[in-house]
Amino acid sequence: SNMQVSATSFGKNEQVQVSVNVTNSGKTEGKEVVQMYLGNKVNTVTTPVMALKGFDKITLKPGETKTVRFTVKPEDIAIWNTDMQLVTEPGTFDVMIARSADDVVLTKTLEYK
């Protein structure tokens, strides 16, 4: 719950901090792997719909809440263009917090300028 981003847009040499609260609502201690995926809405070349860019394995006691933090950097959205150059292109990106690639829980949109 409570997904937060430090900015809704970023550019070269800038970073965006992403945080999310994870709560164990069960009655026993548990472990969770919190994953962050990025998805580019439009590229000049075909890219995956979502790409894993960070994860954190946490242990939670019953009723416990922990904040998990990730950082989005320009290199996280870099792609190989048709000239085989690694570039970052302006555009809109989804930051997705998930339990797995098939179980996206929270999403926010970022602009790269």
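The values are calculated or read from the model by the stated rules, or taken from the named source; none is laboratory data. All of these numbers come straight from a predicted model, not from anything done at the bench. Cβ sites come from the backbone with ideal geometry, for glycine too, and all protein chains shown count toward neighbours. Just so you know, the surface numbers come from the protein's heavy atoms only, side chains and all, with ligands and any DNA or RNA stripped out. Shrake-Rupley method; radii C 1.70, N 1.55, O 1.52, S 1.80 Å.
Does the stretch 44-84 classify as rounded, prolate or oblate by the C-alpha gyration tensor (a ≥ b ≥ c root eigenvalues; a/c under 1.5 gives rounded; else a/b over b/c gives prolate, otherwise oblate)?
prolate
For a quick protection proxy, order the peptides 4-16, 75-87, 28-40 by their average other-Cβ count within 10 Å, most packed first.
Going by the mean number of other Cβ atoms within 10 Å, highest first, we get 28-40, 4-16, 75-87.
Hey, what D do you get for the stretch 6-48 in µm²/s if you plug the Kirkwood alpha-carbon radius into Stokes-Einstein at 20 °C and 1.002 mPa s?
Rounded to a whole number, D works out at 149 µm²/s.
Could you give the accessible area per residue of the chain, probe 1.4 Å, as a whole number in Å²?
Heavy-atom accessible area per residue stands at 61 Å².
Could you work out the relative contact order of the chain, using alpha carbon pairs under 8 angstrom and six or more residues apart, expressed as a whole percent?
Across the chain, relative contact order equals 32 percent.
Calculated from the structure, semi-axes √(5λ) of the Cα gyration tensor in Å equals which of (i) 21, 15, 14; (ii) 26, 16, 12; (iii) 30, 14, 10?
Among (i) 21, 15, 14; (ii) 26, 16, 12; (iii) 30, 14, 10, the one calculated here is (iii).
Once neighbouring chains are kept in place and the probe is 1.4 Å, which whole percent of the accessible area of the stretch 1-85 is contributed by carbon and sulfur?
48
Please sort 51-59, 92-100 by packing, taking for each peptide the average over its residues of neighbouring beta carbons within 10 angstrom, highest first.
Per-residue mean Cβ counts within 10 Å order the peptides as 92-100, 51-59.
Which pairs in the list K53/K73; K31/K108; K41/K66; K12/K113 are over 19 Å apart, alpha-carbon to alpha-carbon?
K31/K108; K41/K66
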